[in-house]
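Where a number appears in this text, it was derived from the coordinates with a stated rule and is not lab data. All values reported here derive from a predicted model rather than from experimental measurement. Cβ placement follows ideal geometry from the backbone for every residue including glycine, while neighbour counts extend to all protein chains displayed.
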Amino acid sequence: MKHTNLVKNLSLLLVVLFFGACATNTQQASNGDAYTGTETVKFLADGVPDRVFFATNKFDLTPTANQTLSKQITYLKTNSSLKVVIEGHADERGTREYNLALGEKRANSVKDFLISNGISSDRIKVISYGKEKPANPASNAQAWAQNRRSVTVKTTN
């Protein structure tokens with residue numbers, strides 16, 4: 001009887017482990033380790049995502065980021081009086097000082113892209129929050145990827 005229960009329990013455990021290993025998260029896609037999913041993305045305007053994501057310790061723009069920023073550029077050109085703040089963010093790992101500097105580099109990468117594509121620099125401000133305002137407060141790889149971002153926010157001044 002004990003042997004039968006042990007075999008059943010082990011079989012059940014193997015089935016759970018097998019299906020757990022096969023599971024995927026369809027909301028998260030990655031470009032290297034830069035998050036490209038959708039659950040933390042909001043919109044600057046209808047159909048215009050407000051954020052781009054970065055790989056660990058990086059501030060260079062990915063092809064996915066360039067596509068998003070191209071949509072932002074089109075929107076900003078259509079709304080020529082609109083001003084924005086580019087917020088730079090980092091994940092929780094690293095010192096406060098390092099993450100503030102990295103967030104600023106990320107925001108400036110976005111700013112530089114916008115300017116090089118015809119958006120006036122006087123319409124763009126940059127601020128870094130480092131790791132202080134996470135989009136996802138969890139402490140795991142998916143949360144870190146969601147937190148390595150820049151966010152374009154409309155401003156009134």
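Note on the range 27-155: with charges restricted to the Cβ of Lys and Arg (+1) and Asp and Glu (-1), its dipole about the Cα centre is near 240 debye.
Report the residues of the range 130-157 in range of a label on Asp33: point 7 Å along Cα→C-beta, backbone N strictly under 13 Å from it. Answer for this model: 140-148. Modelled label positions at Tyr98 and Lys71, each set 7 Å beyond Cα in the direction of Cβ, lie 3.3 nm from each other. Computed on the range 27-155, with alpha-carbon pairs under 8 angstrom and 6+ residues apart, the relative contact order is 32 percent. As a rough footprinting exposure proxy, the listed residues Val110, Val41, Val84 were ranked by other beta carbons within 10 Å of their own, and the order from fewest upward is Val41, Val84, Val110. Selection among Ala55, Ala138, Ile115 by position relative to the dipole of the range 27-155 gives Ile115 as farthest towards the positive end (Cβ unit charges, Cα centre). Under Stokes-Einstein, with the Kirkwood radius over Cα pairs as Rh, the value for the range 27-155 at 20 °C and 1.002 mPa s is 150 µm²/s. In order along the range 110-127, phi translates into HN-Hα couplings of 5, 4, 4, 5, 4, 5, 5, 10, x, 8, 5, 5, 6, 9, 10, 10, 10, 9 Hz, rounded to whole numbers, per the Karplus curve 6.51 cos²θ - 1.76 cosθ + 1.60 with θ = phi - 60° and x for Gly and Pro.
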